[in-house]
Protein chains: 4
Amino acid sequence: MDQRIARSTLRVRGFHLDGYQHVNNARYLEFLEEGRWAYFEKQFDLAKLFNEGLAAVAVNLNINYRRAAVMHDELEILTSLSSLNHRSAVIHQVINRIADGKRIADADFTFVLLDTRSGRAMAIDGELRETLQRHVLDAPAGTE
Amino acid sequence: MDQRIARSTLRVRGFHLDGYQHVNNARYLEFLEEGRWAYFEKQFDLAKLFNEGLAAVAVNLNINYRRAAVMHDELEILTSLSSLNHRSAVIHQVINRIADGKRIADADFTFVLLDTRSGRAMAIDGELRETLQRHVLDAPAGTE
Amino acid sequence: MDQRIARSTLRVRGFHLDGYQHVNNARYLEFLEEGRWAYFEKQFDLAKLFNEGLAAVAVNLNINYRRAAVMHDELEILTSLSSLNHRSAVIHQVINRIADGKRIADADFTFVLLDTRSGRAMAIDGELRETLQRHVLDAPAGTE
Amino acid sequence: MDQRIARSTLRVRGFHLDGYQHVNNARYLEFLEEGRWAYFEKQFDLAKLFNEGLAAVAVNLNINYRRAAVMHDELEILTSLSSLNHRSAVIHQVINRIADGKRIADADFTFVLLDTRSGRAMAIDGELRETLQRHVLDAPAGTE
């Protein structure tokens, strides 16, 4: 797997389900957040940005629900940086069922980088852009 | 307020927050689900469809995070049906802070209507389309 | 109802359930937290303590699950202060199904009062004890 | 580690926290549920009971909060069966911070075994008692 993709896994438990016996649609956002934390742990130079006073703040999340995940499913979450805009960036995430590789959901998470001292969104240029650019994966994670 | 809009309210509590002292981005999806249940309770003829064996299944959720909600904020969730496609429909939802009317988030929730006996998505035509059409609000909820 | 009891209500939604179509046992703790926030909002002199730098920190929660709550149930949460120890205090909480008054769950929540500046648990004596004592309900909430 | 103890691990993420930047007290119940599922996956003969139509239904949970878990903490959850009553059984669970072995929380979860066809709690005797008895750990998990 491309080094620019982080992979997390989890097993679906009873508390993830709702009354339809499917994973509740809000829970997937926790799975995605889990994936993003794993991503930033893996990409040390990005984690460093956060230690230096930047914070990633969500501005949009767009999620496609492809198939229902059910009790005991083992899932993988693939996370990568997919594009940079002038003041925002996009993380692409895919959730697959490991047993058969079928797609459960995919999402684009758009965020700004907030300077926590000034409270302002940073322009993504200069050194910051170079650092992020090295992580951008042109082909979205999970489509290979 | 237009009768085709349902309004729910809630107060932000400690368990809704995350370590940034903001409402966690996954929690908003529970607020939105709360709003959709309130919507279907209000629109009796739609609730009737569900009692007769249809289920609304999410296919996409697209949410914009506009402002952070914080502890003790009183929020309103405005929910309405915004468009019908051939096999899917879209619910538009807005979350506002009641104190000053500022927008916290807005979302479009796209769903199919599943016939729970056959497991198949229904075409939205004939009587079903007429029933749904009466609820469609052209101007999105919360923009008036 | 005794003024020393705070009452909150909520309706069970799909995201509260788990795969058994019952409210998941972890969710009741969020219902209880909701009840405690409502309690402290009602008892102004206690809320004042928190504004002055005290925080209630959980040390034990003991919950009895009496009956399963299910989809669409309307629940009430009754919250009162039930006893004071030397360095801790106990809040008693009851969750009832409103339709028939049946008990769903009851819990005792034991907490210490932390001085957030020193990080130390306060002894509950002097003026602090007098303030709290006025709220203690000898008969547990919900048993009348 | 004694084969009668199951061990799960997890890392604390942003969505587990609340506004105090500690793991919210309701979240620990999800961690404990995670631990119980891992336990039943490990103890095949117990999992078999569930496949044959028994369900474990919570009647009481008693949890001690010892220390606050915070962002990035790696936690372990140790789960074992600790006692059998006539109609109920008790699972003991411990949550430790892996880095230094410090206790975060411990809990006793009392449950009945429900026959899902009759809807009745089973007496724990005969073959069922023998099966369960083999898993009972006299010394509570995590105290060695």
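The values are calculated or read from the model by the stated rules, or taken from the named source; none is laboratory data. Keep in mind it's a predicted model, so treat the numbers as computed, not measured. Heads up, the Cβs are rebuilt from the backbone with ideal geometry, glycines too, and the neighbour counts pull from every protein chain shown. Please note that ligands, DNA and RNA were not included when accessible areas were found on the heavy atoms of the full protein model with its side chains. Shrake-Rupley method; radii C 1.70, N 1.55, O 1.52, S 1.80 Å.
Just a few scattered comments:
- Residue closest to axis [chain C; rotation mapping onto D; Cβ; Å]: C:62, 2
- Put simply, when C:121-127, C:4-10 are sorted by average Cβ atoms within 10 angstrom per residue, most first, you get C:4-10, C:121-127.
- Listed residue (C:81, C:95, C:110) projecting farthest to the positive dipole end of chain C, Cβ model: C:95
- Integer Hz, Karplus 6.51/-1.76/1.60 couplings in order for the range C:114-129, x for Gly and Pro: 9, 7, 5, 6, 8, x, 10, 6, 7, 5, 8, 9, x, 5, 4, 5
- Rounded to the nearest 500, the 222 nm mean residue ellipticity of chain A from helices alone is -6500 deg cm²/dmol, with -39,500 (n - 2.57) taken per DSSP H run of at least 4 residues.
- GluC sites (Glu not before Pro) within the range A:35-112: DSSP coil, no more than 16 neighbouring Cβ in 10 Å: A:52
- Each Lys and Arg adds +1 at its Cβ and each Asp and Glu adds -1 at its Cβ; summed about the Cα centre, chain A shows a dipole of about 220 debye.
- Peptide B:56-69 - average C-beta neighbours from other chains (10 Å radius): 5
- Within 10 Å of the Cβ of each residue in B:20-28, the mean number of Cβ atoms contributed by other protein chains is 6.
- With all protein chains in place and a 1.4 Å probe, the accessible surface of the range A:6-133 carries 49 percent carbon and sulfur.
- Cα shape, the protein assembly as shown, gyration tensor, a/c 1.5 rule: rounded
- Whole-Å distance, taken between Cα centres, linking the range A:57-92 and the range B:1-26: 22 Å
- Trypsin sites (Lys or Arg not before Pro) restricted to DSSP loop in the range D:85-144 with at most 12 other C-beta within 10 Å: D:102, D:117, D:134
- Taking the longest Cα principal axis of chain A as reference, the axis of helix A:27-42 is set at about 50 degrees.
- Per residue value of the accessible surface for chain C (all protein chains in place, 1.4 Å probe), Å²: 44 Å²
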